[in-house]
């Protein structure tokens, strides 16, 4: 499985992906799930993928190859993020139709989910979630983040902490803690993490990080968060349920 | 959907269930999902259910009716928790075969998951999770808890806090916080909660509670937990990813 989270906030975008893929517990590998299409000072598109690895790799391969051909509509020449999301949706349908069409009566799930965030000069930053059917939704002020893959373990902390106005550094902390909760409870999500902070209007992907088990900052916040939770837990008021008890 | 959690610990058993059921978001109701079969000083069996409401209600109805007939094998006369789990499995298969057999080509999911915990005089406390197929697994020293329904949101806090030796009151606090995380992130899980603490060898269900939105203790720990998390979050060391950044 996979866990990817992306946030579109007032001051920029935040992306974090794990890198574990598995086909059963006996075939576990590391693959990058965060992909960047960039043209300096003009566009930054960040793509995250979850789901069938053959499907998502083919999608990325096709998008990458086509991005080098200026004759055709591609991620490097579309005029808006909306058009990029539409193109992604078409590519998702193309690959799933190609590979899933000959399913030969099997039960393989060829589906995938994608996140696409970024900025193209002349428009605001935007963030989309693209479904296996090729349709998509866009993040808003009220719902400033999307998750794909094993999203449930890490959702409560985001729901508690994140708003549209959360500063980028805090949002990244929140995303890393959300990832930590997921890593602890689900073996199919694994380190290293790929992380990226995109400050609004920067058209830069300089703030890009690979976070391994040994990363000192990640180790520090995992420890700090774990200790803080246990400390909070141990200071809760003692259980007082008796008054309401129906016998 | 539903969220139920049950724990089998050194000093007793802890159960918490929500009470929301839904068939689509436009048909939401409140149903008790925690059921007790008790004979004083002799047996306490606690059953929690998630899944198709028609299936789980039929299972409870059949178990309850049969428990009144001493001529047949039932939850009130089986000699061990293991036999009770086997009986539950048979009843699950019976109901799903009856109702699901005539599915008429539809896509209805008739399945359910059950938790069964308790104690029968002469044996230790035991806790089982029964699948829709009627087979089951048992909680152990290493894995002292089971969840059914929307289990992922509330799993990280249990994984951090709970061990086999956690005292019952703290275990109940942990279960309530796990429930709170789930309530916040998933609309299909809702108050009131049904909760029960069973102290080892007590054969008593006196510590049984219904927890509504207005319950003062639940409100206190929800608030304390939420504030503690935000406080922990706001005191994390500032983001320091730069040293590892590959550009």
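The values are calculated or read from the model by the stated rules, or taken from the named source; none is laboratory data. Being a predicted model, the structure only gives us computed values, none of them experimental. Every residue, glycine as well, gets a Cβ built from its backbone with ideal geometry; the counts of neighbours run over all protein chains shown.
Brief remarks on what is shown
- Just one of the listed residues (B:84, B:97) is modelled with pLDDT of 95 or more and out of contact with any helix residue (DSSP H, G or I) (no Cβ under 9 Å at 6 or more places or on another chain), namely B:84.
- Residue that is assigned to a loop (DSSP other than H, G, I, E, B) and under 19 Å from the mean Cα position of the chain (by Cα), where the choices are B:8, B:73, B:32: B:32
- Of residues in region B:206-247 being crowded, with 17+ Cβ neighbours inside 10 Å and over 30 Å from residue A:180 (Cα atoms), the one farthest from the chain's Cα centre (by Cα): B:215
- Restricting attention to region A:106-145, the residues being within 14 Å of another protein chain (Cβ to nearest Cβ) and touching a residue at least 24 places away in the same chain (Cβ under 8 Å) number 1.
- One residue from B:89, B:101 being surrounded by fewer than 21 Cβ atoms within 10 Å (Cβ to Cβ), farther than 18 Å from residue B:17 by Cβ and over 23 Å from the mean Cα position of the chain (by Cα): B:101
- Test set (1) crowded, with 22+ Cβ neighbours inside 10 Å; (2) closer than 17 Å to residue A:49 by Cβ; (3) in contact with a helix residue (DSSP H, G or I) (Cβ under 6 Å, 6 or more places away or on another chain) - residue A:153 fails condition number: (2)
- For residue A:162, the test of being touching a helix residue (DSSP H, G or I) at 6+ places or on another chain (Cβ under 7 Å), in contact (Cβ under 8 Å) with a residue 24 or more places away in the chain and closer than 26 Å to residue A:181 by Cα is passed.
- Condition broken by residue A:194, with the remaining ones in (1) closer than 30 Å to residue A:94 by Cα; (2) more than 7 Å from chain B (Cβ to nearest Cβ); (3) in contact with a helix residue (DSSP H, G or I) (Cβ under 8 Å, 6 or more places away or on another chain) satisfied: (3)
- Output for region A:159-179, where each listed residue is within 10 Å of another protein chain (Cβ to nearest Cβ) and surrounded by fewer than 22 Cβ atoms within 10 Å (Cβ to Cβ): A:159, A:160, A:161, A:167, A:168, A:169, A:170
- Residue check for residue A:55: in contact (Cβ under 8 Å) with a residue 40 or more places away in the chain and outside any loop (DSSP other than H, G, I, E, B): yes
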